[in-house]
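Just below is one structure, and these are the notes that go with it.
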Protein chains: 2
Amino acid sequence: MSKQELSIETVDGCCVPIMDAALDSTAAVEGATVFKALADPVRLRLMSIIASAGAEICVCDITPQFDVSGPTISHHLKVLREAGLVDCERRGTWVYYWPLPERLTWLSTLLSVPTPATT
Amino acid sequence: MSKQELSIETVDGCCVPIMDAALDSTAAVEGATVFKALADPVRLRLMSIIASAGAEICVCDITPQFDVSGPTISHHLKVLREAGLVDCERRGTWVYYWPLPERLTWLSTLLSVPTPATT
DNA sequence: GCGCTGTCTAGACGTTCATCTAATCAAGCA
DNA sequence: TGCTTGATTAGATGAACGTCTAGACAGCGC
């Protein structure tokens with residue numbers, strides 16, 4: 001269950017803040033893919049719930065917090081998984097998810113403002 | 001030309017890193033709107049070009065760097081503008097754009113990993 | 001005024017996305 | 001084995017999105 005389709009290695013070339021240097025087309029495509037994973041209210045809240053849980057969290061504890069159906073949650077979790085933002089493991093009847101902080105760190109670095117020296 | 005539709009004030013409630021606390025629905029909607037603005041390769045590259053320019057940059061210097069039409073660039077710039085990521089001003093014949101780093105800082109904070117203490 | 005250049009707006013069109021229901025798969029238990 | 005619960009996959013549908021062409025607007029120079 002560890003199928004990440006975007007590895008951090010493939011995009012290490014754009015780990016420079018965008019205020020430092022412009023991204024090339026390839027980096028932009030890969031970066032946009034990750035942002036797209038967070039560009040939905042349900043997924044962004046899913047990500048924050050999983051990330052702030054402090055430990056792995058069961059799908060059965062996540063689904064009741066949303067107004068959408070189970071399959072929809074499952075779909076969104078898959079998108080987050082394919083973006084390399086979370087990973088999961090089935091343990092018995094339940095499936096547990098946890099965050100992959102490296103990806104968050106990478107995004108945070110990409111968007112960071114190095115020197116806020118206002119002119 | 002300073003119509004930001006999302007002010008930073010309206011979303012200050014979610015300036016806590018998502019690893020610290022889960023977002024509520026409202027914050028998730030507003031956050032997702034900003035991420036959506038960066039969730040397209042053209043817009044992400046636009047943002048990086050404007051942000052890394054060091055100063056304001058003319059649309060006429062931006063458009064030639066892309067393979068899409070002028071109106072398409074104009075459309076994407078409008079999305080970035082409405083997300084509060086850039087602002088612009090017409091000066092004579094040309095229109096100049098510059099980044100609004102506060103928004104980038106806000107996103108970066110949202111995604112930051114407070115204590116990378118790996119278990 | 002008139003034409004030229006740069007940019008944006010309007011509308012159309014094809015694609016992608018979010019969501020649902022129904023069906024399937026996985027695991028536990030009587 | 002068969003039933004029950006939890007989660008995912010498959011397929012369909014309506015909305016949103018990215019792009020284009022055509023047209024409009026703003027400013028400059030003759």
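Just so it is clear, none of the values below were taken in a lab; they were calculated from the coordinates. Just so it is clear, the structure is predicted and the values come from calculations on it, not from any experiment. Counting neighbours? That spans all protein chains shown, and the Cβs are built from the backbone with ideal geometry, glycine included.
Assorted remarks:
- Normalised contact order of region B:8-111, rounded percent, pairs of Cα under 8 Å and 6 or more residues apart: 34
- Between copies, the label points of residue A:54, set 7 Å from Cα on the Cα→Cβ line, lie 4.8 nm apart, reported in increasing order to one decimal in nanometres.
- Each part gets one Cα centre, and for region B:63-114 versus region A:24-84 those centres are 25 Å apart.
- For A:100-108, mean number of other protein chain Cβ atoms within 10 Å: 4
- Exam field: residue B:82 pseudo-label spacings to other copies (7 Å along Cα-Cβ), nanometres: 2.6
- The local environment of residue B:53, defined by Cβ-Cβ distances under 13 Å, has a net charge of -2 under the rule Lys, Arg +1 and Asp, Glu -1.
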